[in-house]
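To start, the structure under review is shown below, and the notes come after it.
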Amino acid sequence: MPRLIDIDSIHIGDVFCMEIDNSFKCYFQFIDIDKTQSCTPVINIFKTHYPIDFIPCIESIVRDEILCSVHTIVYDKYLTFPWYKIGNTGFISSNRDKQTLFIDDEHPNEEILSTVGSVEYGYWWIWEINGMPMKQFPVPYDLIDRIENGAILYPEQIADRMKFGYDRYTSAVYNVIKRKPSQGIQSFIKSQCVSILTYYHFDGENLVRQITIPKIDNGVKIENFENGENMKFWDRNWKEYEFITPEQFESAWNKYKEKPKNPITGISKYVSNIFRR
């Protein structure tokens, strides 16, 4: 249920709860204001999914493993939000090993442009909270696992990150950074190019089922993968419109999967072949 947020009562260290699909709830903590990204709040989203009627203590929440750090609008006097504040703690959660880096394909702060010149397209901009953006091309490979989408995310995208571990929205940054599903999350995708229609089913990061439908010869190919050595979820930059429901995938799978052979038909063909000899 949307809730009004009292701006005057919001402070760094505040912890918020978001109830997802009336089935479980997740938490995030407001940890900083990033002056580099238009003075936008930065939050840490925690990994644990709690039962909808469970009330954990705030100290255990903020010491949970962090799923990601992202920018979002935590409060606005003109808007309502799908989360509510549960309290504040002096302990600020952090990704303790290394500071999160953010990336965007445009300079994150128009105010800084007057001091560094005009935007140069074709480059990536990478920065730490309140740090000077660094122009990079290509993105150093050893930084990939530390980088998060630096755009300002909408509440729907925050809900996606809590539910799936990734957001489903179209963004150029996913050409270079990994969009990682949480363990056990089932993702279903329908992708089409000029000559081929393909359905994908991912279990976590691993591709487990695929349907390939060529438009020319109609030679449909059904594949099961078990060893996890095939395509990874982040190998492609999936677009928002390509995500489908489990029901849509199963409908295609049941339609195209190979039907078991009729033993009577098989015997008839065998007998016919004998008499032809």
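Values quoted throughout were computed directly from the atomic coordinates according to the rules given, and no laboratory measurement underlies them. Nothing here was measured: the structure is a model prediction, and the numbers come from that model. Backbone-built Cβ (ideal geometry, glycine too); neighbour counts: all protein chains shown.
The residues packed around residue 30, meaning those with a beta-carbon under 12 Å from its beta-carbon, carry a net charge of -2 if Lys and Arg are +1 and Asp and Glu are -1. Legend: calculated FRET efficiency, residue 94 to residue 52, from the Cβ-Cβ distance at R0 = 25 Å, rounded to 0.05, equals 0.35.
Exceedance of the 26 Å cut-off in Cα-Cα distance is limited, within the set 35/77; 47/190; 47/85; 35/135; 215/255; 35/85, to 47/190.
For a paramagnetic label modelled on residue 78 (point 7 Å from Cα along Cα→Cβ), amide N atoms under 11 Å away are absent within the range 23-39. Each of the peptides 163-174, 126-137 was scored by the mean count of other Cβ atoms within 10 Å over its residues; in descending order, highest first, they stand as 163-174, 126-137. Say a paramagnetic label sat at a point 7 Å from the Cα of residue 144, along Cα to Cβ; which residues of the range 209-228 have their backbone N under 20 Å from it? From the range 209-228, the list is 228.
With the gyration tensor restricted to C-alpha atoms of the range 5-101, the semi-axes of the equivalent ellipsoid amount to 20, 18, 12 Å, longest first.
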